[in-house]
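Since every read-out is calculated from the coordinates, none of them should be taken as a lab result. Since we're looking at a predicted model, the values are computed, not measured. Heads up, the Cβs are rebuilt from the backbone with ideal geometry, glycines too, and the neighbour counts pull from every protein chain shown.
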Amino acid sequence: PIVLGIESSCDETGAGLVRDGRLLGHVVASSMAEHARYGGVVPEIASRAHLHALRPVVRQALDEAGLRLADIDAVAVTTGPGLSGALQVGVAGAKRIAYALGVPLYGVHHLAGHVAAGTLEHGPLPDPCMVLIVSGGHTSLLLVRDLARDPIVHLGDTLDDAAGECFDKVARVFGLPYPGGPAIDRTARDGSPRAVAFPRPLTGPRDAPYDFSFSGVKTAAARWAEGHTGLELPVADGAASLQEAVADVLTRKAVAACREHGVGTLVVVGGVAANSRVRSLAEERCRTAGIELRVPPLKFCTDNGAMIAAVGDLLVQAGAEAAPLDVSIDPSAPLQYAALHPVAVAA
Ligand code: ATP
Ligand code: MG
Ligand code: FE
């Protein structure tokens, strides 16, 4: 079966087509540039951009795959979490297509989509696997078994800022352009990771082993910048040291979680998986620990429709029940199952 996936939870409009675990085509349109002057995503602007982008993005994904709309056998769409107006646009579009074609509709949890991004280039996820999700809105360690059938076990979360949010906010303090994560990464190339000793929160023996906290790192970076008022800020050193602190905590905890739970594969997904130091440190530490590391290509790390199609494909293959055509969005959906509506899967 050919599954169309639609993603519109934040500022990316994505459409992807997957058949039996294989990606046939995908297109992403981003309104990121329109939000840049506001220093963050403006929900109204995001919704309007989705409205304009959805049809062309689906059309282009079909063209890329050499398919027609009528070839689609199922539609999967992000129903949450995310910005409500933004989610609404994608879900309305998905319902229209599912209704017009008379094919089943699946409501997908956005983070399950990020997890499934790990299948697009590398094939099915091993059961079990450890997944580190690091994005602009989330930082979580998940124990994943069968994505279509089993509940996802949340081992830990950030107690305050997400890792990407920390990069974005510190970048602003450092005077770097939006979005901050890529700017920190670029700037860090010319700096020393040992220049500033930023804190490694929640890494003590009595701390929650798999929870994260990045607001202290953010504050420390802001203090460090303030300490240079009137002087030239060594931004490259600050960026390299910040990146080192964040990458150190993320990879240390992820590898410890694999060891503790006897899991042989670590998957790192979400926009921050694009960070060069997160990647290199994860590689180093996984190699030492004998853990297989999977990091999807950058284009599948950030929000896209292919990852949603990949979840839809798994649900179809598991014989999961489809969502009703009046399925609603859930902007703050907790992550439990990959499908956001109740599913009965075939035995
Ligand atoms: P969520 O998926 O949690 O709803 P989101 O859509 O904002 O949030 P993504 O699109 O997956 O998240 O990722 C965007 C985040 O990734 C931003 O915070 C951005 O700064 C960060 N990011 C992107 N590239 C890099 C990089 N090279 N280094 C560090 N951070 C990066
Ligand atoms: Mg995004
Ligand atoms: Fe995302």
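Toward the positive end of the charge dipole of the chain, with +1 on the Cβ of Lys and Arg and -1 on the Cβ of Asp and Glu, the farthest Cα among H138, G290, P151 is that of G290. What separates the Cα centres of the stretch 170-191 and the stretch 1-73 is a distance of 27 Å.
Taking 0.36 nm per residue of sequence separation and subtracting the Cα-Cα distance, how much length would be gained by fully extending the chain between E226 and R189, in nm to one decimal?
Numbers: separation 37, 0.36 × 37 = 13.32 nm, distance 2.24 nm.
Taking E226 through R189 to full extension adds about 11.1 nm, to one decimal.
Which of S280, S215, S140 has the fewest other C-beta atoms within 10 Å, and how do the rest follow up to the most? Write down the numbers at each step before the final one.
Working: S280 12, S215 15, S140 23.
So the ranking, lowest neighbour count to highest, is S280, S215, S140.
As a length-normalised measure over Cα pairs under 8 Å and 6 or more apart, the relative contact order of the stretch 88-193 settles at 14 percent.
If you take all other residues with their beta carbon under 14 Å from the beta carbon of L125, and give Lys and Arg +1 and Asp and Glu -1, the sum is -3. Loop-located GluC sites (Glu not before Pro) in the stretch 219-257 (DSSP state other than H, G, I, E, B) with a sparse environment of at most 12 neighbouring Cβ atoms within 10 Å: E232. Only helical runs count toward this figure. For the chain, summing -39,500 (n - 2.57) over DSSP H runs of n ≥ 4 and dividing by all residues gives -13500 deg cm²/dmol at 222 nm. Taking the three principal axes of the alpha carbon atoms in the stretch 1-117, the coordinate ranges are 42, 27, 24 Å, sorted in descending order.
Between 0 and 90 degrees, the angle of helix 84-101 with respect to the longest Cα principal axis of the chain falls at about 30 degrees.
Computed about the Cα centre, the dipole magnitude for the chain is approximately 340 debye when only Lys and Arg (+1) and Asp and Glu (-1) carry charge, each at its Cβ.
Dividing the alpha-carbon Rg of the stretch 275-347 by 2.2 N^0.38 Å yields what? Show your work: numbers first, answer last.
Numbers: Rg = 16.9 Å, N = 73, 2.2 N^0.38 = 11.2 Å.
Cα-based Rg divided by the globular estimate yields 1.50.
Seen against the Cα atoms of the chain and their longest principal axis, helix 43-65 is set at about 60 degrees. Remark: H109, H52, H138 ranked as H52, H138, H109, counting other beta-carbon atoms within 10 Å and listing the fewest first.
Hey, what's the per residue convex hull volume over the C-alpha atoms of the stretch 146-245, in cubic angstrom?
Numbers: hull volume 12.4 nm³, N = 100.
Enclosed volume per residue, from the Cα hull, is 124 Å³.
I'd like the projected area of the stretch 22-65, averaged over all directions, using the convex hull of its alpha carbons. Report it in nm² with one decimal.
Seen from a random direction, the Cα hull of the stretch 22-65 projects 3.5 nm² on average.
With angles folded into 0 to 90 degrees, how steeply does helix 110-120 sit against the dominant principal axis of the chain? Use alpha carbons for both and round to 10. Once rounded, the angle reads 90 degrees. What does the charge count near D303 come to, summing +1 for each Lys or Arg and -1 for each Asp or Glu among other residues with Cβ under 9 Å from its Cβ? Net charge around D303: -3. Net charge around A208, counting only other residues with Cβ within less than 15 Å of its Cβ (Lys, Arg = +1; Asp, Glu = -1)? Here the charged neighbours net out to -1.
Computed from the Cα positions only, the extents of the chain along the three principal axes stand at 64, 46, 31 Å, in decreasing order. For the stretch 183-330, evaluate the Debye formula with one uniform point scatterer on each Cα (no solvent term) and list log10 I(q)/I(0) at q = 0.21 Å⁻¹, rounded to two decimals. Each listed q corresponds, in turn, to -1.31. With Cα atoms as the point set, the stretch 79-221 shows a radius of gyration and Dmax of 18.7, 60 Å. Across the chain, C-alpha contacts under 8 Å between residues 6 or more apart give a mean separation that, scaled by the residue count, equals a relative contact order of 26 percent. Positive end of the dipole of the stretch 109-182 (Cβ unit charges, origin at the Cα centre): among T119, A163, G181, the Cα lying farthest that way belongs to G181.
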